[in-house]
Every structure is written in structure tokens, then in C-alpha cells.
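Take a look at the structure set out below.
Just so you know, all these numbers are worked out from the coordinates, no wet-lab data involved. The shown structure was predicted, so the numbers you read here are calculated from the model rather than taken from an experiment. Quick reminder, even Gly has a Cβ in these numbers, built from the backbone with ideal geometry, and neighbours come from all protein chains shown.
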Amino acid sequence: MKTEYLIQAAIIAAIYAVLTITLAPISYGVMQVRVSEALTILPYFTPAAIPGLFIGCLVSNMLGPYGLLDMVCGSAASLVSAWLSYRLRARPALVPLPPVIINGIIVGGMLYFAYGVGIPLIGCILWVCLGQAIACYGIGYPLLRYLNKYKRIFE
Amino acid sequence: MIRDITLGQYFPGDSWIHRLDPRTKIIATFAYIIALFLVMDLWGFAIAAIALAIVIKISGVPLKFIIRGLKPIFLIIIFTFTINMFMISGDVLWEWGFLHITRQGLRTAIFMAVRLILLIIGSSLLTLTTKPIALTDGIEYLLSPLKKIGVPAHELAMMMTIALRFIPTLLEETDKIMKAQMARGADFESGNLIKRAKSLIPLLVPLFISAFRIAQDLAMAMEARCYREGSQRTRMNAMRFSKRDIAAMLLMILFMVIIIVEAHIL
């Protein structure tokens with residue numbers, strides 16, 4: 001692992017955490033429009049975003065009020081979806097899709113099984129998916145298009 | 001607008017709980033979460049709540065501080081409680097039009113709400129009494145058995161440490177960019193959800209460019225000082241298990257046994 005890769009991942013994690021913290025009121029819990037999830041498009045630019053988003057999610061849940069369960073489930077979801085996004089990088093329009101689906105399933109499942117939110121499992125999943133879709137396609141995808149002009153900063 | 005954000009949950013202190021090894025606290029928190037899912041009735045929760053209250057008392061974290069941390073999930077609790085109360089069918093206690101509250105519904109609603117509250121308080125106690133850097137060291141240690149299957153535990157911990165170090169720097173940077181863009185007429189605070197989301201783009205692009213410049217400088221500085229991953233490193237604050245940790249582990253085992261006995265034998 002090259003030093004630069006490591007640092008890039010760390011900085012991506014820090015940006016993720018910063019966005020989660022500054023926009024906290026809508027970032028935690030059932031009402032998940034976590035603006036920082038827009039960053040899930042970063043694997044399109046650099047593979048360093050895979051560990052970066054994983055750590056980012058871990059760190060922001062470490063600083064947030066939810067504790068261990070969110071730390072484990074949320075970051076696992078981020079890791080899987082970042083890896084999938086990286087694999088899909090040939091088709092930019094599909095890059096924001098894994099975080100919508102994977103986070104929906106894992107975080108929705110967590111809300112249903114662990115938090116005991118009384119709506120059916122599929123409802124929990126779709127609810128999280130909706131929030132993720134707003135963040136990933138609403139902000140993430142335009143961000144991808146803009147950042148494409150500044151691609152060289154990732155090199 | 002960013003000034004009034006306190007970073008993290010850590011409540012400085014020097015209690016018995018604060019001084020426990022981070023590894024002990026992580027394991028104990030996991031155990032506590034598992035215990036909450038083993039509980040079958042409200043008596044079990046009463047035991048878990050008393051145990052938690054004792055730990056909070058020892059930790060010296062003011063109750064007000066903990067309750068404040070519950071605020072953002074208050075909505076989830078109310079939501080869950082209401083849905084559970086009205087949606088579950090059974091012996092009707094109260095009815096009004098299509099709304100009905102059943103005994104089973106009320107029981108489930110209380111059960112789930114209590115579990116959720118204990119779950120959140122129990123696990124936030126970990127971040128309340130452990131510094132993020134200590135937590136990172138603990139996570140690294142607990143992940144290190146996974147090195148055998150190729151998980152880069154040290155590198156991940158290094159990333160966490162650097163990320164934690166740069167959060168305040170980037171917070172300041174974000175604030176600066178926000179003000180600069182607002183001076184140019186950017187509007188971050190009005191409009192509907194989609195419009196507000198879109199308005200973040202002029203914030204995110206400069207933030208990225210500046211953050212990646214920091215990353216480049218840092219990588220160069222580290223390489224100039226011969227940082228190389230994989231080499232054996234020593235620590236400034238080495239973690240050490242003490243008698244205190246053994247005592248805490250034994251107490252945790254005792255707690256688990258009580259919970260299991262209560263739930264499955266009594």
C-alpha cells in the first residue's frame with residue numbers, strides 16, 4: 001500500500017466525517033439523508049475511496065450518538081458498496097447505485113431487526129433507499145460530473 | 001455556523017471506566033448489545049438498566065449529557081413506539097375508529113422502545129468515556145487477528161488516526177469555503193431538499209481540491225521522514241491490560257450469566 005493511497009483514503013474519510021458532522025441533523029437515524037453519502041461516487045475516481053469511505057463511515061459513527069451497532073453495520077455497508085461502485089466505474093450512471101441498494105438492505109435490516117422499527121422489513125429498506133437515492137443521485141451524481149473536470153487532483 | 005459543534009462525544013474524566021483499556025470497553029459494549037437481544041421480558045431489561053445505571057454512576061458522566069445524546073434518536077423512538085402500538089393485533093384495550101391499541105401491541109411497543117433506549121445509551125457510553133484515538137488503537141488490536149486473511153489492520157488504523165487528526169482542519173476549511181461562497185451570493189439555507197442538496201456542489205468541489213492538496217503535502221512529508229507501512233512500530237501510549245480490566249471482564253461475564261439465566265431458565 002503506497003503512502004499516498006493511504007493518505008488519500010484518510011482524507012476522503014475525513015471529508016466524509018466533516019460532511020456528516022456539519023450536516024448532522026439530517027444525517028443520523030431513520031431519516032437518513034446523509035449528505036456525505038454523496039461521496040460514495042468517489043470510487044469512480046480513485047480506489048483509495050474504498051477504504052476511505054469505510055473509515056469515514058466508521059469514524060463519523062464513532063463521533064456520532066449511535067454507537068457500536070451503527071459503526072459495524074453502517075461501515076460494512078459502505079465498504080461493500082464502495083467496492084461495487086469501483087467495479088462499476090466504467091458506467092458512471094451506475095456508480096451511485098450500489099450505495100442505494102446495499103445500504104438500503106443492510107441499514108434497513110438493522111433498523112428492522114435491531115431497532116425494532118415496527119414497519120415491515122421491506123418498508124425499512126425502501127425508506128433507507130429513498131434517503132440514499134436523494135444523496136447519491138441528487139448530489140452525488142452531479143458532483144461526479146463536476147469533479148470529472150478536476151480529475152487530475154486524484155492522481 | 002460550524003463554531004458551535006463539539007467534536008465527538010468524549011466526556012473528559014478520570015473515572016474507573018475512563019481508565020479501562022479501550023479493548024475491554026469495546027468487548028464489553030459488544031457483550032452488552034448481545035445481552036439486550038437475549039432478553040425476553042421487561043424484568044431482563046430492568047436488570048440491564050440497573051447495570052447500566054451503575055456503570056454511568058461510576059463513569060461520572062452527567063445524566064443530562066447522556067440524555068442530550070438521545071435527542072437525535074428521540075424521533076425514531078416515538079415513531080417506533082407509535083407504529084408498534086397501533087399496528088399489532090390482539091386483545092383490544094382501546095378503540096377509536098380504525099385506530100386500536102391492543103395489549104400485545106402496547107407490550108411490544110414498550111419492549112422495543114426500552115431495548116432501543118438501552119441499546120443507544122449502552123453503546124454511546126463507549127464513545128463517551130473513550131477518546132477516539134484510544135478507540136482506534138483498540139480497533140486495530142481487535143482487528144489484528146484478521147491480518148492473517150489479508151485485512152490491513154495497521155493501515156486501516158493509520159487511516160483512522162489521520163482522518164481524526166484532519167477533521168478539525170477540514171471543518172475550518174469547510175467553514176471558510178462556505179463563507180467565501182456566501183460572499184459570492186451562494187445560498188445554502190433556503191429552498192427544498194433537492195435545491196439545498198444541489199447548492200452544496202459549489203462547497204464540495206473546492207473542499208475536495210483543497211483537501212487533496214493537503215493529502216499530497218502530507219504524503220510527501222511522511223515519505224521524506226521515511227514512513228513505510230508494514231514496518232514494526234512502537235506506540236506513544238501502549239495499551240496495557242490491568243487488574244481493573246480483568247475485574248471488568250469478570251463483572252461482564254457475571255452480568256451475561258444473570259441475563260441468560262433470567263431469560264432462559266427462570
Please list A:68-79, B:198-209 highest first by mean number of surrounding beta-carbon atoms within 10 Å per residue. A:68-79, B:198-209
Sorted peptide list for B:153-165, B:25-37, B:253-265, criterion being average Cβ within 10 angstrom, highest first: B:153-165, B:25-37, B:253-265
Net charge of neighbours whose Cβ lies under 13 Å from the Cβ of B:Arg213, counting Lys and Arg as +1 and Asp and Glu as -1: -3
What does the net charge come to around B:Gly90 if you take all other residues with beta carbon closer than 10 Å to its beta carbon, with K and R at +1 and D and E at -1? +1
Only helices at least 27 Å long along their axis, Cα-based, and averaging -1.0 or more on Kyte-Doolittle count here, so list those DSSP H runs from chain B. B:63-87, B:103-129, B:153-183, B:201-224, B:243-264
Specify whether the C-alpha gyration tensor of the protein assembly as shown places it in the rounded, prolate or oblate class, a ≥ b ≥ c being the square roots of the eigenvalues: rounded for a/c under 1.5, otherwise prolate if a/b is larger than b/c and oblate if not. oblate
Treat every Asp and Glu Cβ in chain B as -1 and every Lys and Arg Cβ as +1, leave all other atoms uncharged, and give the resulting dipole magnitude about the Cα centre to the nearest 20 debye. 500 debye
Considering the dipole of the stretch A:33-155 built from charges on the beta carbon (Lys and Arg +1, Asp and Glu -1) around the Cα centre, which of A:Ser60, A:Ala114, A:Ala135 is farthest to its positive end? A:Ala135
Checking B:Val92, B:Val61, B:Val114 against a Gaussian network model of chain B (alpha-carbon springs below 10 Å), the top fluctuating residue turns out to be B:Val92
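What average number of partner chain Cβ atoms lie no more than 10 Å from the Cβ of the residues making up B:207-216?
Mean inter-chain Cβ contacts per residue within 10 Å come to 6.
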Pick out, from B:Ala134, B:Ala49, B:Val151, the residue whose Cα sits farthest towards the positive end of the charge dipole of chain B, with +1 on the Cβ of Lys and Arg and -1 on the Cβ of Asp and Glu. B:Ala134
What 222 nm value per residue comes from the helices of the protein assembly as shown, counting each DSSP H run with n ≥ 4 as -39,500 (n - 2.57) and dividing by all residues, nearest 500 deg cm²/dmol? -22000 deg cm²/dmol
Expressed as a rounded percentage, what relative contact order does chain B have, with Cα pairs under 8 Å and six or more residues apart? 29 percent
Using only atoms on other chains, find how many Cβ atoms lie within 10 Å of each Cβ of peptide A:135-141 and report the average. 3
Is the C-alpha gyration tensor of chain B telling us rounded, prolate or oblate? Criteria: a/c under 1.5 is rounded; beyond that, a/b larger than b/c is prolate, otherwise oblate. oblate
Please give the charge dipole size of the stretch B:153-224, origin at the Cα centre, charges +1 on K and R Cβ atoms and -1 on D and E Cβ atoms. Round to the nearest 20 debye. 360 debye
Distance from the stretch B:76-141 to the stretch A:110-155 (C-alpha centre basis), Å: 24 Å
